[in-house]
Each structure stands twice: as structure tokens, then as C-alpha cells.
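*Asks:* What follows is a structure written as C-alpha cells; I'll ask about it next.
The values are calculated or read from the model by the stated rules, or taken from the named source; none is laboratory data. Treat the numbers as computed from the prediction; the structure is a model and nothing was measured. Counting neighbours? That spans all protein chains shown, and the Cβs are built from the backbone with ideal geometry, glycine included. For accessibility, only protein heavy atoms count, side chains too; no ligands or nucleic acids. Shrake-Rupley method; radii C 1.70, N 1.55, O 1.52, S 1.80 Å.
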Amino acid sequence: MRYAFFPGCTLESAAEELMISTMKVAEALGIELIELKGWTCCGASHIQDIDDFLATSINARNIALGEKLGVSKIITVCNTCTLMLRTAKAKLDKNKKLRTRVNESLRSTGMQYKGNVEVTHLLWALIEDYGLDRLKEKVKRPLTGLKVANFYGCHILMPPKIMGFENHMNPQSMEMIAEVLGAESVKFDQRLACCGFHAVFPAEKEVMNLTGMNCLSPKASGADCLITPCPLCQMQLDAYQPDAQKGFSKDITMPVLHLPQLIGLALGFSPQELAIQRHVVDAIPVLTENVLV
Amino acid sequence: MRTIHYKIKRFDGKREWYQDYQLQYEKGKTILWALTAIREQLDPTLVFTSACRHAICGSCAIKVNGKSFLACKTSLDEVLETFKSDYLVFEPLSNFEVIKDLAIAWEPKMEKMKQVKPWLIPSNKGSVERGFIQSEDDFHEISSPTDCILCGVCTSECNQLAVNDGTYLDPFILNRAYRFSVDSRDCAPEEHIRPVYENELWKCIHCMQCISSCPKGIPLTDEIAYLRQESIKMGEVNNQGAKHAFAFYDDVRNKGRLNETMLPIKTDGLLKTATTKIPFALRMIKKGKINPFHMPKAIEGIKGVKEIYKYAEEVKHS
């Protein structure tokens with residue numbers, strides 16, 4: 001299995017541990033990830049607020065980089081990157097006039113948007129391309145006893161017209177993966193909540209409140225850690241957790257792992273190999289207690 | 001016989017409780033059918049609002065298992081399939097004041113909506129005598145936003161309203177402002193957009209709930225992007241939201257990728273960053289998540305990216 005890999009900006013800095021764990025997991029599963037040469041930021045759901053034509057154009061370029069590689073899919077590990085690339089693709093595939101204009105814009109790059117690659121996320125690819133049975137065979141250390149809270153994040157589900165992998169009102173993909181890995185998924189109110197990351201500057205007070213609730217809810221359900229398929233949700237819930245704590249009298253402590261880190265643990269990697277020590281809220285004690293014995 | 005279990009949130013003005021009802025399953029029914037059957041067959045005291053039964057009046061929206069739906073338009077079978085359960089919880093819409101049971105108060109929302117002048121401010125191109133003629137293309141600009149039936153589903157699902165003090169405008173109000181600001185017969189778009197800007201426009205979190213749940217399929221998040229673009233054109237660039245968006249816009253043009261270290265400074269300025277973000281920065285540095293000395297290099301093909309920007313500028317001004 002080969003994919004064109006679109007890492008996205010956070011994987012180069014704040015979420016480098018997601019790059020490390022994704023590469024480890026892909027290699028162990030025999031998935032080849034070819035990083036796109038010269039990819040740009042997807043716009044992170046901000047650039048369209050200044051210029052939506054530009055937002056579509058830069059992602060047309062990103063997709064065209066993947067088309068040049070002769071693979072059938074571009075893969076990401078970030079919800080927002082996936083949404084931004086898929087939004088551009090949906091617009092370009094539907095609107096011929098827009099596609100002609102965007103291709104005119106790309107002329108200077110020597111590239112063209114053709115529309116012949118799909119954009120997927122690792123979570124989806126594991127289910128629809130790799131297969132859960134095959135993933136199960138690779139599990140070396142079942143995560144028996146580990147209670148995980150699956151926090152989807154908005155942009156892997158919505159809008160359903162653009163994302164549409166599963167029912168956005170009651171998705172099950174994360175639970176399916178957790179089950180294969182041997183972990184127990186807990187039910188919690190904030191499973192489909194918004195992390196607030198995209199407005200953490202202009203709406204800091206409100207977003208910190210969201211962060212606190214998003215940590216307290218899985219805690220009340222007895223979760224050992226929260227799992228997310230998005231590095232932006234991860235950053236909001238982990239790195240901002242000490243700031244969010246200030247608004248709550250109850251202890252909100254909740255370790256937050258990236259999905260590939262959870263998979264990597266079940267594949268037998270150590271927390272250090274998956275760079276779990278990079279998280280602000282230390283996840284290693286709870287992992288040691290439950291799965292690393 | 002299959003039984004569907006309904007748990008309905010009741011409220012009598014003082015007291016709140018959940019009440020259980022059961023109905024036999026019937027194929028091909030709607031949520032509104034269930035509400036009506038419960039009231040007619042089981043409990044005449046249950047209060048909910050409804051009228052047209054055809055997704056036109058917008059009065060029957062409620063929450064089912066935590067998600068908001070227009071009851072008359074929503075198939076019971078689809079809901080049972082979505083939640084894979086025969087147990088349904090009915091609650092009033094969120095982010096509204098509740099009057100009784102499932103009935104919510106609209107008056108405060110209508111008062112709030114007046115801020116954006118949700119009416120046409122006519123230009124002198126038209127008059128009562130001559131009429132206010134609009135081309136077909138111009139009509140299409142407003143045809144989708146005028147589909148709004150004020151059902152409140154977007155408000156109920158809005159993640160900003162869930163934590164906001166009430167200043168932020170409900171998505172249907174933003175839609176109203178959009179609808180009049182793009183109307184070719186309106187001569188004062190700024191009068192609709194300025195109040196939007198002044199009421200925390202940049203606090204929308206981009207969660208996509210409104211666009212995903214609108215029973216009329218109105219592209220609300222695209223409208224919010226438009227309102228933000230227009231506020232920038234009006235000169236409103238000196239705020240965290242616009243500065244944050246420009247940080248991304250400029251970084252992509254200059255290097256191709258985001259400079260995460262500089263992002264807070266570009267958004268909040270050096271002084272505010274230094275006074276408020278120091279603990280955050282220190283913990284990020286400690287964990288190796290920020291390297292303050294790392295400056296991203298320009299990507300391969302940055303020249304082409306700059307050309308794309310130039311082209312987009314020309315499109316904007318053409």
C-alpha cells in the first residue's frame with residue numbers, strides 16, 4: 001500500500017511526536033508513505049476568511065503534487081488538513097469554471113489539478129484500505145484493560161457532504177480501531193464535542209471552558225486517556241490543559257494521545273519510541289499501570 | 001411487537017424532569033408523528049410547538065439523543081438507524097430559553113436579530129412606483145439564504161453559543177445579515193455587516209455544526225467566511241481573529257508553511273504574548289514542542305506559490 005503523505009504544519013513542530021509515531025506505525029504495518037515534495041500549509045480553516053479562491057488554489061496545488069506521484073490517494077493524519085484538502089477537491093470537481101480558473105493560477109507552477117486522486121485520513125484508510133482483520137493480526141500487545149475515550153474532533157466528520165466516511169451523528173470508526181487493539185472504549189458526553197482550537201485566540205475564555213469540559217467528561221466516565229485522530233484537538237486538549245484547569249475547581253487532568261500512538265502501543269512500541277513523553281500531561285504513568293506490565 | 005421508548009425532558013416553569021413514554025413501532029413515520037401520538041394517545045399535558053408539517057414554518061425543531069432536528073422533516077426510521085437504538089431522548093433545543101417542555105422562547109432571539117437590520121435598505125435604483133427589479137443571477141445570490149425558516153437547529157448545535165455569554169450572534173442571524181448584505185437591491189451592506197463584526201464575528205470556531213445540521217442545507221460557514229472577508233475590506237483588521245488569519249495567509253506566501261513560534265506574536269502582538277503566553281511557551285519548549293530558534297525554510301516551489309497569490313489578487317480585483 002502506497003500513499004502520498006500530506007503531513008501538515010503541526011507535524012513539523014508542536015506535534016512532531018505525531019510524525020514520529022505515524023512513521024513507526026506505517027512502517028510496522030507495511031504502509032508506504034511518500035511525503036509530498038513542497039507541500040504548503042492547507043490554510044488551517046483560516047485562509048478562506050481572507051480569500052476563498054486563494055484557499056482553494058493552494059490546496060489544488062497540494063493535491064496536484066499528489067497527482068504527480070501516480071498514487072490513488074493522498075493521506076493525512078490531521079482532521080483539518082483532511083477537511084481543507086477535501087473541501088478544495090469537492091469545489092474543483094463540482095465547478096468546472098472554478099477548476100479552469102484555478103488551473104490558470106497553477107500554470108506558473110507547471111502543475112495542473114486533474115481530480116484523479118482521493119484524499120483520505122489514516123483512520124479511514126486503516127478501515128477501508130488496510131482492513132481491521134489485518135490490523136488485528138499485527139497486534140503484539142493487546143491493550144486489555146485500557147479505558148480509552150475516543151474524541152473524534154469536528155473536521156473528520158463534518159460537513160458530511162464533504163467528509164461522509166461515516167454518519168457524523170454517531171460515528172464508530174474510532175471504537176472499531178480501539179476494539180481491534182484490545183482497548184475498551186468508554187461512553188462520554190463530549191465524544192463528538194468541539195475542541196475549540198480554531199478560535200483559541202479570539203475566544204480564549206470560551207475555548208478554555210470547552211477544554212475543561214472535554215477533559216472532565218471522559219474523566220467522569222472512568223477513561224484512562226483520551227484518543228484523538230487530530231493533532232489540533234490533541235494540542236488544544238493537552239498543551240492548553242494547565243490553562244483550562246485554572247477555570248475549574250475539580251481536577252481535570254486527562255492524558256491525551258494521538259491515534260497512531262495508541263496503535264503503536266498495541267504494535268509493541270514503547271512510549272518513548274512513540275514520543276509519548278512529549279505530551280504536556282504525562283500519559284506514561286497510566287499506560288505503565290494498565291498496558292506496559 | 002417492537003416498542004420504541006421515548007424519554008422526554010419536561011419543564012413546568014420551575015421543575016425539570018424526564019418522563020418515559022412508549023409507542024409501538026410504525027414504519028415510515030416522522031419524529032413529529034411520535035410527538036403528536038404521545039400527546040394525543042398518552043399525555044395531553046405534553047407541550048411542543050408545530051404547525052405546517054412540511055418543513056416550512058420551522059416551529060417543530062427539538063433535540064433527539066443530543067442532536068437537533070426539524071421534527072416534521074426527520075424520519076423516525078433514520079433516527080433509529082443513526083443511533084442504533086430503540087431508546088430516544090427528546091429535549092428542547094439548546095441555547096434557547098425554555099418556556100415549557102419542548103417549547104422555546106423566540107422573542108429574545110428576534111430582539112437580538114434586529115441588531116443586523118434584517119430588512120432591505122433599498123437603493124435609489126428602485127422605487128415603490130417602478131418596483132425593485134432584480135436580475136436572475138442577482139436573485140440566485142439570495143435564493144439559498146432566503147430558504148431559512150428560523151427553526152433554530154443551527155443555534156442549538158452552535159459550539160460557540162454553548163459557551164458564549166450571549167453576545168455572539170446565532171448562525172441564523174448571521175445568515176440574515178448575509179442575505180441582505182448580498183442583495184443587489186440593498187444599498188448599505190455595511191449596516192448589516194458592522195453589527196455582525198461588532199458582536200464577536202471572529203469567535204466562530206469553524207466546528208461545522210451549523211452547515212451540517214441545517215435542514216435547508218444553507219452554506220452557513222461559507223457565509224461566515226464571506227462576512228469576515230467583508231469586515232476585512234471594511235478595514236477591520238486590527239483584531240485577533242483577522243490577525244490570526246493573516247498570520248497563516250502571510251506565512252504560506254512567504255515560506256509555504258506556518259511558523260508556529262511566531263503565530264501568537266503575530267496574533268496578539270509581542271507585549272500581550274509576553275504577558276499572557278509565557279507559561280504556555282515554557283511548557284511547550286520544555287517538552288520540545290516549540291523550538292524558538294527554528295525558523296522554517298521556504299518550501300520547494302515557493303516561487304509558484306507566490307505566483308498563485310498574485311493571480312488570486314488579480315481575481316479579487318477583476
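*Asks:* Please compute the modelled spin-label separation between B:K7 and B:C187, points set 7 Å along Cα→Cβ, answer in nm with one decimal.
*Replies:* Inter-label distance under the simple model: 5.8 nm.
*Asks:* Here's something else I'd like to know. So who's got an amide H within less than 5 Å of the one on A:H121, skipping anything under 5 residues away but keeping other chains? H placed 1.01 Å off N, in plane.
*Replies:* When sequence neighbours closer than 5 places are left aside, the close amide H contacts are A:T76.
*Asks:* Another question about this same structure. At a Förster radius of 51 Å, what calculated FRET efficiency corresponds to the Cβ-Cβ distance of A:K68 and B:A55, to the nearest 0.05? Display every interim value, and only then the final one.
*Replies:* On the way: r = 46 Å, r/R0 = 0.90.
That gives a FRET efficiency of 0.65.
*Asks:* Right, another one. A drop of at least 40 square angstrom in accessible area, chain alone versus all protein chains together, probe 1.4 Å. Which residues of the range A:93-129 meet that?
*Replies:* Output list: A:R101, A:S105, A:S108.
*Asks:* Could you give the distance between the Cα centres of the range B:1-28 and the range B:257-318, to the whole Å?
*Replies:* 52 Å
*Asks:* Something else about it: If only Cα atoms are counted, what is the Rg of the protein assembly as shown, and what is its Dmax, in Å?
*Replies:* 24.8, 85
*Asks:* Got a number for carbon plus sulfur as a percent of chain A's accessible area, 1.4 Å probe? Walk me through the intermediate numbers first.
*Replies:* Details: 5090 of 10180 Å².
Accessible surface attributable to carbon and sulfur in chain A totals 50 percent.
*Asks:* Which aspartates and glutamates does A:K114 reach when only Cα atoms under 12 Å apart count, and residues fewer than 8 places away in its own chain are ignored?
*Replies:* The qualifying aspartates and glutamates are A:E67, A:D93.
*Asks:* If DNA, RNA and ligands are ignored and the probe is 1.4 Å, what is the ranking of B:E200, B:E157, B:E129, B:E190 by accessible area, most exposed first? Before the final figure, lay out each step's value.
*Replies:* Details: B:E200 45, B:E157 15, B:E129 160, B:E190 90 Å².
The residues order as B:E129, B:E190, B:E200, B:E157, largest area first.
*Asks:* So, for the protein assembly as shown, what is the accessible surface per residue at a probe of 1.4 Å, expressed in square angstrom? Working shown, then result.
*Replies:* On the way: 25590 Å² over 611 residues.
Normalised by residue count, the accessible surface of the protein assembly as shown is 42 Å².
*Asks:* Sticking with this structure for a sec: Placing +1 on the Cβ of each Lys and Arg and -1 on the Cβ of each Asp and Glu in chain B, which of B:C52, B:V116, B:L161 has its Cα farthest towards the positive end of the resulting dipole?
*Replies:* Working it through, the farthest residue towards the positive pole turns out to be B:L161.
*Asks:* Going through the cross-link list A:K73/B:K63; A:K161/B:K84; A:K147/B:K255; A:K94/B:K316; A:K91/B:K203; B:K255/B:K286, which pairs have a Cα-Cα distance over 31 Å in this structure? Each step should come with its number before you reach the end.
*Replies:* On the way: A:K73/B:K63 37 Å; A:K161/B:K84 21 Å; A:K147/B:K255 42 Å; A:K94/B:K316 21 Å; A:K91/B:K203 26 Å; B:K255/B:K286 26 Å.
Flagged as over cut-off: A:K73/B:K63; A:K147/B:K255.
*Asks:* In Å², rounded to the nearest 100, what is the total accessible surface buried by chains B and A against each other with a 1.4 Å probe? Can you show the working numbers first?
*Replies:* Details: alone 18320 and 13000 Å², together 25590 Å².
When B and A are taken together, about 5700 Å² of accessible area is lost.
*Asks:* Shifting gears a bit: Please compare each pair in B:K117/B:K233; A:K250/B:K67; B:K112/B:K233; A:K136/A:K219 to a cut-off of 22 Å on the Cα-Cα distance and tell me which ones are over it. Mind dumping the intermediate values first?
*Replies:* Values: B:K117/B:K233 20 Å; A:K250/B:K67 28 Å; B:K112/B:K233 25 Å; A:K136/A:K219 28 Å.
In this structure, A:K250/B:K67; B:K112/B:K233; A:K136/A:K219 lie more than 22 Å apart at Cα.
*Asks:* Obtain the nm distance between the two label points defined at B:K277 and B:E198 by a simple spin-label model: each point lies 7 Å from its Cα along the Cα-to-C-beta direction.
*Replies:* 2.9 nm
*Asks:* What are the residues whose amide H is under 5 Å from the amide H of B:G152, where those residues sit 5 or more places off or on another chain and H is modelled from the backbone?
*Replies:* Under 5 Å from the amide H of B:G152 lies no amide H from a residue far enough along the sequence or on another chain.
*Asks:* Here is a further query. Using square roots of five times the C-alpha gyration tensor eigenvalues, list the equivalent-ellipsoid semi-axes of chain B in whole Å, biggest first. Can you show the working numbers first?
*Replies:* Numbers: eigenvalues 359, 166, 70 Å².
For chain B, the semi-axes come out at 42, 29, 19 Å.
*Asks:* Please report the orientation-averaged projected area of the range A:93-215, defined via the convex hull of its C-alpha atoms, in nm². Provide the component values of the computation, followed by the final result.
*Replies:* Working: hull surface 45.6 nm².
With the hull built on Cα positions only, its mean projection is 11.4 nm².
*Asks:* Could you please state how large a percent of the accessible area of chain B is carbon and sulfur, counting protein chains only and using a 1.4 Å probe?
*Replies:* Working: 8250 of 15410 Å².
Carbon plus sulfur share of accessible area: 54 percent.
*Asks:* Another question, if that's okay. Would you work out the relative contact order for chain B, in percent, from Cα pairs under 8 angstrom that are 6 or more residues apart?
*Replies:* Values: 443 pairs, mean separation 40.8, N = 318.
Over chain B, the number comes to 13 percent.
*Asks:* With +1 on each Lys and Arg Cβ and -1 on each Asp and Glu Cβ, how big is the dipole of the protein assembly as shown about its Cα centre, in debye rounded to the nearest 20? Present the calculation step by step, with values, prior to reporting the outcome.
*Replies:* Values: 75 positive and 73 negative charges, 150 e Å.
Computed about the Cα centre, the dipole is about 720 debye.
*Asks:* Let a ≥ b ≥ c be the square roots of the eigenvalues of the Cα gyration tensor of the range B:167-211; is it rounded (a/c under 1.5), or, if not, prolate (a/b larger than b/c) or oblate? Write out the running numbers ahead of the final one.
*Replies:* On the way: a/c = 2.89, a/b = 1.63, b/c = 1.77.
The shape class here is oblate.
*Asks:* Which order do B:Y87, A:Y113 take when ranked by solvent-accessible area (1.4 Å probe, heavy atoms of all protein chains), largest first? Each step should come with its number before you reach the end.
*Replies:* On the way: B:Y87 140, A:Y113 5 Å².
Correct descending sequence by accessible area is B:Y87, A:Y113.
*Asks:* Rounded to whole Hz and in sequence order, give me ³J(HN,Hα) for the range B:67-79 from the Karplus expression 6.51 cos²θ - 1.76 cosθ + 1.60, θ = phi - 60°, writing x for Gly and Pro.
*Replies:* 10, 8, 9, 7, 4, 6, 9, 9, 6, 4, 4, 5, 5
*Asks:* I would also like to ask the following. Relative contact order for chain A: what percent, with Cα pairs under 8 Å and sequence separation of 6 or more? Show your work: numbers first, answer last.
*Replies:* On the way: 510 pairs, mean separation 58.2, N = 293.
For chain A, the relative contact order is 20 percent.
*Asks:* Can I ask one more? Tell me what the protein assembly as shown gives for mean residue ellipticity at 222 nm when only DSSP H runs of n ≥ 4 count, each as -39,500 (n - 2.57), the sum divided by the residue total, rounded to 500 deg cm²/dmol. List each step's numbers first, then the result.
*Replies:* Numbers: 26 runs with 258 residues, N = 611.
One gets -12500 deg cm²/dmol as the mean residue ellipticity at 222 nm.
*Asks:* Express in whole angstrom the spacing between the alpha-carbon centres of the range A:210-242 and the range A:1-67.
*Replies:* 24 Å
*Asks:* If the label point is 7 Å along Cα→Cβ of B:Y25, which residues in the range B:46-71 have backbone nitrogen under 19 Å from it?
*Replies:* Only B:65 pass the distance filter.
*Asks:* Checking the a/c ratio against 1.5 first, then a/b against b/c, what shape does the Cα gyration tensor give for the range A:132-290? Intermediate values should be presented prior to the final figure.
*Replies:* Working: a/c = 1.83, a/b = 1.25, b/c = 1.47.
In terms of gyration-tensor shape, oblate.
*Asks:* Ok, one more. State the Cα centre-to-centre distance between the range A:125-141 and the range A:267-282 in whole Å.
*Replies:* So the separation of the two Cα centres works out to 21 Å.
*Asks:* Run the quick spin-label model on B:I99 and A:L29: label points 7 Å from Cα toward the beta carbon, then report their separation in nm to one decimal.
*Replies:* 5.2 nm
*Asks:* Also, quick follow-up: Give the average, rounded to an integer, of partner chain Cβ atoms located within 10 angstrom of each Cβ in B:308-317. Kindly include the intermediate steps, with their values, before the conclusion.
*Replies:* On the way: counts 13, 5, 2, 10, 13, 3, 1, 8, 4, 0.
Mean shielding count: 6.
*Asks:* Residues of the range A:180-222 losing 50 Å² or more of accessible area relative to the isolated chain, 1.4 Å probe, heavy atoms only?
*Replies:* A:C194, A:F201, A:P202, A:E206
*Asks:* Please find, in a Gaussian network model of chain A (springs between Cα atoms separated by less than 10 Å), the residue of A:L11, A:L98, A:L274 whose mean-square fluctuation is greatest.
*Replies:* Judging by the Gaussian network model, the answer is A:L98.
*Asks:* If amide H atoms are built 1.01 Å from N in the plane of the peptide, which residues on other chains or at least 5 residues away come under 5 Å of the amide H of B:V89?
*Replies:* For B:V89, whose amide H was placed from the backbone, the distant partners under 5 Å are B:K7, B:N65.
*Asks:* Suppose R0 equals 45 Å. What FRET efficiency, 1/(1 + (r/R0)^6) with r the Cβ-Cβ distance, do B:E81 and A:R134 give to the nearest 0.05? Don't skip to the answer; put the middle values down first.
*Replies:* Numbers: r = 28 Å, r/R0 = 0.63.
Using R0 = 45 Å, I get an efficiency of 0.95.
*Asks:* If eta is 1.306 mPa s and T is 10 °C, what Stokes-Einstein diffusion coefficient results for the range B:107-233, Kirkwood Rh from Cα pairs, in µm²/s? Please report the intermediate quantities before stating the final value.
*Replies:* On the way: Rh = 15.0 Å.
The diffusion coefficient I find is 106 µm²/s.
*Asks:* Let me ask something additional. How high is the FRET efficiency from B:S127 to A:K205, r the C-beta distance, R0 45 Å, rounded to 0.05? Provide the component values of the computation, followed by the final result.
*Replies:* Values: r = 48 Å, r/R0 = 1.07.
Efficiency computed from Cβ-Cβ geometry: 0.40.
*Asks:* Taking square-rooted eigenvalues a ≥ b ≥ c of the alpha carbon gyration tensor, is the range B:3-104 rounded, prolate or oblate, where a/c under 1.5 means rounded and, failing that, a/b exceeding b/c means prolate?
*Replies:* It comes out rounded by the Cα gyration axes.
*Asks:* Before anything else, pin down the relative contact order of the range A:132-290: Cα pairs under 8 Å, at least 6 apart, normalised by residue count, whole percent. Could you put the intermediate results ahead of the total?
*Replies:* Numbers: 261 pairs, mean separation 42.0, N = 159.
Result for the range A:132-290 is 26 percent.
*Asks:* Still on this structure, I have one more. What residues does the range B:203-246 have that are buried by at least 40 Å² of accessible area in the full protein assembly compared to the chain on its own, 1.4 angstrom probe?
*Replies:* B:K203, B:I205, B:H206, B:C207, B:M208, B:S212, B:Q229, B:Q240, B:H244, B:A245
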